[in-house]
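Okay, so here's the structure we're looking at.
Here, each number is a calculation from the coordinates, and none is a lab measurement. Here the structure is a predicted model, which is why all the values come from computation and not from measurement. Here Cβ is always computed from backbone atoms with ideal geometry, including for glycine, and neighbour counts include all displayed protein chains.
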Amino acid sequence: MSDLLLKQQREPLQASFSDASNPIGLDGIEFIEYATDKPQQLGQVLEMMGFKPVARHRSREVMLYRQGAMNVIVNAHPADARGESAPTISAIALRVRDARSAFAFAGERGAWAVPTSSEVMELNIPAIHGVGTSRIYFVDRYNEFSIYDVDFVPIPGVDAKPAAVAGISFFGLVQYIGSERSFDWVEFYESLLGFSLVPDEERFGIMPKGKLLRAAAIKASQAFMWQLVEPEVMEIDMDEKLQRIGLGVPDVLAAVAALRKLGVEFVESNEVHAEVRGAITKTYLGSVMFELVQHKAAV
């Protein structure tokens, strides 16, 4: 498709970026990506959580897992996995009205662009650098025609749209940051992506520490949260990173029961345990854990 045709198709959308509360036309999470050199083991954990493998990348060692409206990418391509045996959350793709405009908006406010390259039959998806070595992608193909229609080959005989266990949906991400770095990261997400800071008295789940930001969305049901957690006092600073995925469910205890039947284990201690507000899984493969949060809009 020529650049001229792309311009004719997309330019009218740029006028819709006048909404100050959602300057990049954000509309939810398209996918969350893990990087690992042990994709089979991570795949087993994801399947316990209800995700199903539905497609393989055309040219890279990358697998797409899905349940409901959630997409998780397992990236074992050598150049991306970098020997990461303990899986890391390496990227998040944001749905936006127009990827080029969202990318330009972030770049004008100081975002660092990620050089991208694509092979034959691959899309070139714009991205900026996130925390650590992670990336933030901007995706505008997610309705009738998606990025997976170009880059992935469906697995034969597999349901491409498996139902979500217990109404699970993406609730957000938890990011670990350095001491006294909250202001810097709040400014990053507010200025570059249009997030807004949530009042301290408004909290969700059973892990309420840190600062919480809300991502705007074209459709209210697609809004999500971003939690920034500094180390405890006297705790040694760890690397800044995306630490875990938050999953919204209409009924936490029902979701815990359904996931336990699939083999998922949850943390149960005096301090942290499954309750109506939320639950957290044990850590798998040294780094992979999921947090459940009561969220009525998850259905």
(message) Among L197, A217, V272, whose Cα projects farthest towards the positive end of the dipole of the range 165-298, with charges put on the beta-carbon of Lys, Arg (+1) and Asp, Glu (-1)?
(response) A217
(request) Mind checking the full-extension length gain between A257 and K209? Use 0.36 nm per residue of separation minus the Cα-Cα distance, one decimal, nm. (result) 14.7 nm
(message) If you average the alpha carbon positions of the range 89-118 and of the range 162-199, how far apart do those two centres end up, in angstrom?
(response) 16
(request) Between H77 and T133, with labels modelled 7 Å along Cα→Cβ, what's the label distance in nm to one decimal, could you check? (result) 1.5
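Which whole-number percent is the relative contact order of the range 15-154 (Cα, under 8 Å, 6+ apart)? It would help to have the intermediate numbers written out before the result.
Numbers: 260 pairs, mean separation 37.7, N = 140.
Contact order relative to length: 27 percent.
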(request) Quick one: of K211/K241; K38/K209; K219/K296; K261/K282, which pairs are farther than 20 Å apart, Cα to Cα? (result) K38/K209
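Please report the relative contact order for the chain, taking Cα pairs under 8 Å with a sequence separation of at least 6, and give it as a percent rounded to a whole number.
Details: 649 pairs, mean separation 59.5, N = 299.
20 percent.
So, with +1 on the Cβ of K and R and -1 on the Cβ of D and E, and no other charges, what is the size of the charge dipole of the chain about its Cα centre, to the nearest 20 debye? Walk me through the numbers on the way to the answer.
Values: 29 positive and 39 negative charges, 167 e Å.
Using Cβ point charges on Lys, Arg, Asp and Glu, the chain gives about 800 debye.
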(message) Less than 12 Å Cβ to Cβ from M70, Lys/Arg counted +1 and Asp/Glu -1: what total charge do the surrounding residues give?
(response) +2
(message) Explain nothing, just the number: dipole magnitude of the range 165-298 about its Cα centre with +1 on each Lys and Arg Cβ and -1 on each Asp and Glu Cβ, in debye rounded to the nearest 20.
(response) 760
(request) Report, in deg cm²/dmol and to the nearest 500, the calculated mean residue ellipticity at 222 nm for the chain, where each DSSP H run with n ≥ 4 adds -39500 (n - 2.57) and the sum is divided by the residue count. (result) -5500 deg cm²/dmol
(message) Under a crude label model (7 Å from the Cα following the beta-carbon direction), how far is E265 from K219 in nanometres?
(response) 3.8
(message) For a quick check: sort D19, D251, D200 by the number of other beta carbons within 10 angstrom, fewest at the front.
(response) D200, D19, D251
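When DSSP beta bridges are limited to those with both residues in the chain, what percentage is antiparallel, rounded to the nearest 5? Don't jump to the answer; show the numbers that get you there.
Working: 45 of 64 bridges.
Roughly 70 percent of the DSSP beta bridges within the chain come out antiparallel.
Given a Förster distance of 41 Å, report the FRET efficiency between R58 and K282 from their Cβ-Cβ distance, rounded to the nearest 0.05.
Values: r = 35 Å, r/R0 = 0.85.
Here the calculated transfer efficiency is 0.70.
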(message) Under a crude label model (7 Å from the Cα following the beta-carbon direction), how far is A113 from E235 in nanometres?
(response) 3.8
(message) Within a 10 angstrom radius of the beta carbon, how do R244, R135 rank from fewest other beta carbons to most?
(response) R135, R244
